[in-house]
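A.B. asks: Can you read through this structure? Questions will come right after.
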Amino acid sequence: MQKKLIKKKSSWKRSFWIFFILFILIVAGAGCGFLGATMSSLPDVANVKPAASSQIYDANGDLITTVHSEENRLPVKLSEIPKNLQNAFIATEDNRFYSHHGIDPIGILRAVWVNIIHDGVAEGGSTITQQLARNAFLTQDRTFKRKIMEALLALRIEQHYTKQEILEMYMNQIYFGQGAYGVQTASHVYFDKDVQDLSLAQMAILAGLPQSPNYYSPFNNLKAAKARQAVVLGQMVKYDYLSADQAEEAKNADLHLLDKPKSSNGYGRMSYFVDYVINEVSERYGDNAIYKEGMKIYTTIDMKAQRAAEQAMENLPNYYTDENGLQQPQGALISINPHNGHIVAMVGGRGTDSFNRTTMAVRQPGSAFKPFVYLAALKNGDTPGTVYVDKPSEFNGWKPQNYSRRHSGAMTMRNAVAHSNNVVAVLAADKVGMSNVLDLAEKMGISTLDKHGDDNLAVALGGLTKGVTPMDMAVAYGVLANNGVKVKPVAITKIIDRNGNIVEEGSVEETRVVEPKYAYMMTNMLESVIKFGTGGNAYFGRPVAGKTGTTDEEKDAWFAGYTPDLVTVVWMGDDSGSETLHGTTGGQTPAIIWRQYMQAALADTPASNFTVPEGVGPEAYAGNTNPATDKKKDEKDKKDKKDGDVEDDTSTTSNDESPSKSKGNKGKEPVVAPRSSKNSQ
């Protein structure tokens, strides 16, 4: 009996090993076949793929511009490239360059580990040789087959060329932004000098560009470029190419940048959108894809609306010319379809620089932030008819003031919104809890919040730690226009490669963040802003909702508003953030620009009312009239108060407010308001 059991066990083990070995042989055979087929299709390393122009089209399929394939390149020998610049690239891109044979398993494992820790792509594992293979011989497709071809091609390149030859080809091949390929061209574009004449500080700027040339371009974003420069210098210190003192000296050195180009493509204010699209494509498919791949890029821009936006922005006043030769103040307009996220129009400035203020300018929103407070209050049980008392109030030593420095007594939430009352906004924020307001604003699309630093009552009036971008504000207000559904903004609807294949096709990414009835009630209150409040200049004969915003000493002025079909945000301010707008508020020039643009952009769109969702009752329309004032109580308040007067119940606060400064604090540092007394729910 025991012998039979042993035989059965032996038979089972033998069968297992036979099947296991067969499985291994099948997998190995398939792998060898795949590798063999891949290797047979590898390009000749002596042949570089020719570049082709990419074309950008508007929403109607009409050509906007051609991004020229002509590569601005001035090749140089490795001996002409300073050793510090070579070392900067090696330290930043591939510190084991001289010890690997084209691929770096250690670097790949390290990158995988770092990316797992950061829950995303925080570090790449490609060597300099792999990057050369990808840029010179392959497409930018992010597929498994392309990665295998890249690795195999890197091994072949290492067999055919020396390390010095590979480094030379790489430094002459890579893209540095502004149409510049190779280190010599980049040196001339950014610093107007030959590569051998660059300072260490300038070398570190160039070495930091290939990771994302548009984003880290010192012409587009000097702050980001300097931060990237610090990373490069830190890597050089880490791998003993520099001392800490040398790195510190380079960080503080003047870059001697050339003047910013007046326009990247000669399209004036249209250039902001074109650059935005180029950056989107570069981020998805590689930094030189748009210049070499011959793509056809179909966008969401409506040229009729775009021209209307550009014309409306002519209303900006001219105060002075700054040290960069830019007329101040600057402005921005972003217009989005709230239902599909399509960017209909984008104006990022006056068209004389490449700093796109719709996406890059982080500015204080003033009262344009108040809808997040009142929407949170609606979710918490308030209605447009809920009564608050606008009177001298104090929160742990902080006394919020109205723009007029006067008070209106008992008033409904609707009237407080319409007339941009400060005290009531703070009272509502304290009641609902600022942490709840911040959570709601973030869900609606505000991406620049500092959850710790912004958890104080001054934020109810728009006094944020960092600020907001016009793009984020348009996304957030779009939630209200779309009955509580947030839609991701879209600039590109389709990309076709040079062979006619569809590379990508856009889709709507939407998330419900607010219940429809609360979004509608907020919209109905914001209609009152334009009907009888601070936004009267925005009215143009159809249902519209919106909010004005003006910051301390009128340094920023906003109008954010929408119809059922279109949401548009207008901002104006001095680029430095220190100059005033000479009394201009959000209800003036920004509202006029908004009205002029919307009237033209919607000229062929029939007017329609905002959709009333299920569950909306009479309370949504309450609050048009303030309650009668208790005269006896008012008289007592007038005797007891020490800060400002209480006006009669029919008076209103004036235009927008100073978010965090009291009257006696005008021109000084903002007063930091206390955290709300209400805990997060």
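A.B. asks: Quick check on GLY535: is it more than 30 Å from ASP62 (Cα to Cα), buried (at least 18 other Cβ atoms within 10 Å of the Cβ), at pLDDT 95 or above and in contact with a strand residue (DSSP E or B) (Cβ under 8 Å, 6 or more places away or on another chain)?
C.D. replies: yes
A.B. asks: Now for a separate question. Kindly establish whether ALA227 is under 22 Å from the mean Cα position of the chain (by Cα), outside the structural domain of ASN501 (by TED's automatic domain parsing) and over 28 Å from THR65 (Cβ atoms).
C.D. replies: Yes: the conditions hold for ALA227.
A.B. asks: Kindly indicate the residue of the range 415-444 that is assigned to a helix (DSSP H, G or I) and polar (S, T, N, Q) and also nearest to GLY462 (Cα to Cα) among those meeting that condition.
C.D. replies: Taking the candidates together, the pick is ASN422.
A.B. asks: For the condition at pLDDT 95 or above, within 20 Å of THR185 (Cβ to Cβ) and buried (at least 17 other Cβ atoms within 10 Å of the Cβ), what is the one hit in SER199, SER263?
C.D. replies: Testing whether each residue is at pLDDT 95 or above, within 20 Å of THR185 (Cβ to Cβ) and buried (at least 17 other Cβ atoms within 10 Å of the Cβ) leaves just SER199.
A.B. asks: Counting just the residues of the range 562-604 that are charged (D, E, K, R) and under 12 Å from PRO329 (Cα atoms), which one comes out modelled with the lowest pLDDT?
C.D. replies: Step by step, filter the range 562-604, then rank; the result is GLU579.
A.B. asks: Which of the residues spanning the range 460-496 are under 21 Å from ALA377 (Cβ atoms), out of contact with any helix residue (DSSP H, G or I) (no Cβ under 6 Å at 6 or more places or on another chain) and part of a helix (DSSP H, G or I)?
C.D. replies: Residues satisfying the conditions are MET473, TYR477, GLY478, ALA481.
A.B. asks: Continuing with the same structure: Considering each of VAL508, VAL503, VAL468 in turn, give the residue that is under 26 Å from the mean Cα position of the chain (by Cα) and at pLDDT 95 or above.
C.D. replies: Selected residue: VAL468, the only one of VAL508, VAL503, VAL468 that is under 26 Å from the mean Cα position of the chain (by Cα) and at pLDDT 95 or above.
A.B. asks: Restricting to the range 556-567, give me the number of residues that are outside any loop (DSSP other than H, G, I, E, B) and either out of contact with any Gly (no Cβ under 9 Å at 6 or more places or on another chain) or within 17 Å of GLY484 (Cα to Cα) (or both).
C.D. replies: 4
A.B. asks: Related question: Can you pull out the helices (runs of 4 or more DSSP H) entirely within the range 146-246 that have at least 1 residues that are of a type in the set (Phe, Trp, Tyr)?
C.D. replies: 163-173, 183-191, 213-216
A.B. asks: Suppose the filter is of a type in the set (D, E, K, R), part of a helix (DSSP H, G or I) and assigned by TED's automatic domain parsing to the domain that holds THR523; does ASP382 pass it?
C.D. replies: Spelling it out, it is not the case that ASP382 is of a type in the set (D, E, K, R), part of a helix (DSSP H, G or I) and assigned by TED's automatic domain parsing to the domain that holds THR523.
A.B. asks: Can we say ASN436 is in contact with a strand residue (DSSP E or B) (Cβ under 9 Å, 6 or more places away or on another chain) and crowded, with 19+ Cβ neighbours inside 10 Å?
C.D. replies: Answer is no for this residue.
A.B. asks: If a residue must be at pLDDT below 95 and assigned to a strand (DSSP E or B), how many such residues does the range 345-360 contain?
C.D. replies: Residues flagged as at pLDDT below 95 and assigned to a strand (DSSP E or B) within the range 345-360 amount to 0.
A.B. asks: Mind checking which residues of the range 439-455 are closer than 25 Å to GLU509 by Cβ and free of Cβ contacts under 8 Å to residues at least 40 places away in the same chain?
C.D. replies: GLU442, SER447, LEU449, LYS451
A.B. asks: Then there's this: Select from the range 121-147 the residues that are farther than 22 Å from ILE290 by Cβ and modelled with pLDDT of 75 or more and list them in ascending order.
C.D. replies: Selection gives THR127, ILE128, THR129.
A.B. asks: Ok, one more. Among the candidates GLU293, GLU283, GLU323, GLU248, which residue alone is farther than 25 Å from ASP197 by Cβ, surrounded by fewer than 15 Cβ atoms within 10 Å (Cβ to Cβ), more than 21 Å from the chain's Cα centre (by Cα) and not assigned by TED's automatic domain parsing to the domain that holds ILE592?
C.D. replies: GLU323
A.B. asks: Kindly establish whether GLN311 is surrounded by fewer than 22 Cβ atoms within 10 Å (Cβ to Cβ) and over 28 Å from THR563 (Cα atoms).
C.D. replies: no
A.B. asks: Something else: Does ASN456 fit the bill of being surrounded by 19 or more Cβ atoms within 10 Å (Cβ to Cβ), closer than 18 Å to TYR518 by Cβ, of a type in the set (S, T, N, Q) and within 29 Å of the chain's Cα centre (by Cα)?
C.D. replies: Criteria not met by ASN456.
A.B. asks: Of these, MET270, MET313, which one is more than 21 Å from the chain's Cα centre (by Cα) and either part of a helix (DSSP H, G or I) or under 17 Å from TYR57 (Cβ atoms) (or both)?
C.D. replies: Answer to the check: MET313.
A.B. asks: Check whether at least one residue in the range 506-527 is of a type in the set (Lys, Arg) and either surrounded by 18 or more Cβ atoms within 10 Å (Cβ to Cβ) or within 30 Å of TYR319 (Cα to Cα) (or both), and report yes or no.
C.D. replies: yes
The values are calculated or read from the model by the stated rules, or taken from the named source; none is laboratory data. The structure displayed is predicted, hence computed values, not measured ones. Please note: Cβ atoms are built from the backbone with ideal geometry, for glycine as well, and neighbour counts cover all protein chains shown.
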